[in-house]
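S.K.: The structure's right below; bear with me while I get my questions together.
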Amino acid sequence: MAAAPAPAAPAWTPDEPIIRVTDVHKSFGSFEVLKGMSMDVRKGEAICIIGPSGSGKSTLIRCMNALVDITKGSITVENQEVNDPNLDKLKLRRKVGMVFQQYNLFPHKTALQNVMMAPINVLKQDKKEVEERARKLIAKVRLTGKENSYPGELSGGQQQRVAIARSLAMRPDIMLFDEVTAALDPETVKEVLVTIRELAEEGMTCILVTHEMKFARDVADHIYFTDKGVIVEHAPPEEFFDNPKDERTKTFLGQIL
Amino acid sequence: MACDVAPPDVIAAAGCWILDHTGVNLTILHDEFDRRRFVSGIGMTIWLSVVSLFFSLIIGVVGAWAQGSDYKWIRRLINGFIVVFRNTPPLVQIFFFYFGISTLLPSVEDDVGMRQPLFSNIQWAIFSLSLFAGAFNIEIFRSGIEAVPNSTKEAAAALGYTRLGTYLHIVLPLAIRVCLPALNNNLVNLLKTTSLAYAIAVPELLYASKNIWTDAQNVPTMMVVLLLTYVALVGVLVWAMNAWERSMAIPGFGQGRGR
Ligand SMILES: Nc1ncnc2c1ncn2[C@@H]1O[C@H](COP(=O)(O)OP(=O)(O)OP(=O)(O)O)[C@@H](O)[C@H]1O
Ligand SMILES: [Mg+2]
């Protein structure tokens, strides 16, 4: 962050949006998946994105950590333009953690090792210090005692909580959750949601794609509804659920609630 | 033709006993010169195997990585290499290097002022065998790499891993476990293929045995000894590979599943 010769982004201050999505378009070949989406996320906010399957929710949040590059528009994370060919992806991904629907743990490493790997390999941090932190994170996601279990020996919900701890080990400023409970059975959904709720309450900036409406209503500061590549409407949860404006939102909520 | 040996040499005594009582002439037991030739033949076979095995694994790992390169010409180069070495007999490859390439290289002067080829026959054998087994290893590793789900690589990317970091820390350790059985086969094959170095006079097991049976006129005996020796060598390799496979097994993953 010292005087870098590269076009330095104006220093970000916490009163500005931590993520700023401006008119983002994304096409896969000739198929336009995102047709101009915009949103601002402030530090410490929990944002839920909901919408029918195929509406581009995953694509949108995957653009935020540059897993998918955008075709047009702009995304900034702490004022750093993500859509910049010279982007330092490591720097971005340190700030933005991501948890996936299928957990995607590294099957050849124990739970503890999964949490420790990236800080050691990527950030070259001291192993002892990382291990101490990793054990605390395992405890935080309520998996004390499972440190030495391999992913194949853990239930889906446990694996997903290891995945959350693994992301947190990088000390991100923002966490992205892509339908992280969709592959879980109903009993285990709760244990994962509790963990996420705690994170949000501690002030972690969270962006969640979810179908858990009750959770969204309880936890979200703001809800975005997407359909066919556009943001149809967005509002605080009470307003969104009790008083939806757009027909598409009403239909969707009618089907799901 | 009774043989005399110094009393403490039990192996030689055994050889003599066998010769006296059965007529089977195991000169590798009671003849010191033959025994030395034979043992050093085994040593050379092991040396060729271990060194070629090492380099072939490196070729496999690096080649499989380069096959995923963004540069088309690198991928083509690797594929060309694989085609050439997979589709030609290993003996022809050894001749190609030893008689073909070697003569094109400059020679060097040794300590006593003789012109010597830049590389010895042993070095050419190792070079050639490494490339031969390496070409197969690339293919084997690639199949293992392709078995690693994209979503796993994506998770690594999301944690800030570079492509190389993902390959070294995640893809390769998983791929190796997937392709160990195929790798096992190829390395056994490599050990057996070292016998082709005979053709360029590398004093490995087959070459040493042939010298012994020519001198001692015990062809059938040495044939049996030779076969059994290879069986034992391959047996040790297979045992080591299986031990490796077991040590790498992960509970709940692949072959480790269900434990
Ligand atoms: N890599 C890709 N290549 C081509 N098409 C893609 C790719 N990724 C996504 N798509 C398409 O983009 C559209 C939006 O996908 P996306 O995964 O963002 O939807 P989603 O809102 O997350 O849906 P779901 O609720 O089912 O997860 C889909 O029609 C999908 O087929
Ligand atoms: Mg999705």
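The values are calculated or read from the model by the stated rules, or taken from the named source; none is laboratory data. Every value quoted in this text rests on a predicted model; they were computed, and no experiment measured them. All Cβ positions, even for glycine, are placed from backbone atoms using ideal geometry, and neighbour counts span all protein chains on display.
S.K.: From the set of residues in the range A:184-200 that are part of a helix (DSSP H, G or I) and of a type outside the set (A, V, I, L, M), which is farthest from ligand 1 (Cβ to nearest atom)?
M.R.: Filtering first and then ranking leaves A:GLU198.
S.K.: Name the single residue, out of those in the range A:104-118 being facing chain B (nearest Cβ under 8 Å) and assigned to a helix (DSSP H, G or I), that is nearest to A:LYS26 (Cα to Cα).
M.R.: This residue is A:ALA118.
S.K.: Which residue, of A:GLU212, A:GLU233, is free of Cβ contacts under 8 Å to residues at least 24 places away in the same chain and within 27 Å of A:THR22 (Cα to Cα)?
M.R.: Every option except A:GLU233 fails the conditions.
S.K.: With the checklist (1) over 30 Å from B:GLY252 (Cβ atoms); (2) more than 16 Å from ligand 2 (Cβ to nearest atom); (3) out of contact with any Asp or Glu (no Cβ under 8 Å at 6 or more places or on another chain); (4) of a type outside the set (Asp, Glu) in hand, flag the one item A:PRO107 doesn't pass.
M.R.: Only one criterion is unmet by A:PRO107, namely (1).
S.K.: From B:PHE95, B:PHE127, B:PHE119, grab the single residue that is crowded, with 16+ Cβ neighbours inside 10 Å and assigned to a loop (DSSP other than H, G, I, E, B).
M.R.: B:PHE119
S.K.: Within the range A:33-51, restricting attention to residues that are on the phi > 0 side of the Ramachandran plot and surrounded by fewer than 20 Cβ atoms within 10 Å (Cβ to Cβ), which residue is nearest to ligand 2 (Cβ to nearest atom)?
M.R.: If we take residues in the range A:33-51 being on the phi > 0 side of the Ramachandran plot and surrounded by fewer than 20 Cβ atoms within 10 Å (Cβ to Cβ), then A:GLY36 is nearest to ligand 2 (Cβ to nearest atom).
S.K.: Could you please find all residues in the range A:171-188 being out of contact with any Asp or Glu (no Cβ under 8 Å at 6 or more places or on another chain) and either β-branched (Val, Ile, Thr) or under 24 Å from A:GLY152 (Cβ atoms) (or both)?
M.R.: Across the range A:171-188, the qualifying residues are A:ILE174, A:PHE177, A:ASP178, A:GLU179, A:VAL180, A:ALA182, A:ALA183, A:LEU184, A:ASP185, A:PRO186, A:GLU187, A:THR188.
S.K.: Restricting to the range A:52-82, count the residues that are surrounded by fewer than 23 Cβ atoms within 10 Å (Cβ to Cβ), of a type in the set (Gly, Ala, Ser) and within 16 Å of ligand 2 (Cβ to nearest atom).
M.R.: Looking only at that region, the number is 3.
S.K.: I've got another one for you. Out of the range B:27-40, which residues are modelled with pLDDT of 90 or more and either surrounded by fewer than 19 Cβ atoms within 10 Å (Cβ to Cβ) or not in a helix (DSSP H, G or I) (or both)?
M.R.: B:PHE33, B:ARG36, B:VAL39, B:SER40
S.K.: Here is a further query. I'm told A:ARG171 meets every condition in (1) surrounded by fewer than 19 Cβ atoms within 10 Å (Cβ to Cβ); (2) farther than 10 Å from A:ILE47 by Cα; (3) touching a strand residue (DSSP E or B) at 6+ places or on another chain (Cβ under 7 Å) except one. Can you identify the failing condition by its number?
M.R.: (3)
S.K.: So for the range A:201-209 (the condition being away from ligand 1 (no atom under 16 Å from the Cβ), on the phi < 0 side of the Ramachandran plot, surrounded by 22 or more Cβ atoms within 10 Å (Cβ to Cβ) and of a type in the set (Val, Ile, Thr)), does at least one residue qualify?
M.R.: yes
S.K.: Of the conditions (1) in a helix (DSSP H, G or I); (2) within 21 Å of B:SER143 (Cβ to Cβ); (3) at pLDDT below 95, B:VAL84 clears all except one; give me its number.
M.R.: In the conditions (1) in a helix (DSSP H, G or I); (2) within 21 Å of B:SER143 (Cβ to Cβ); (3) at pLDDT below 95, B:VAL84 misses (3) alone.
S.K.: Right, next: Which pairs turn up if I take residues in the range A:158-182 that are part of a helix (DSSP H, G or I) and look for partners that are of a type in the set (S, T, N, Q) and more than 16 Å from ligand 2 (Cβ to nearest atom) with beta carbon separation below 7 Å, at least 6 apart in sequence or on another chain?
M.R.: A:ARG161/A:THR195; A:VAL162/A:ASN114; A:ILE164/A:THR195; A:ARG166/A:ASN114
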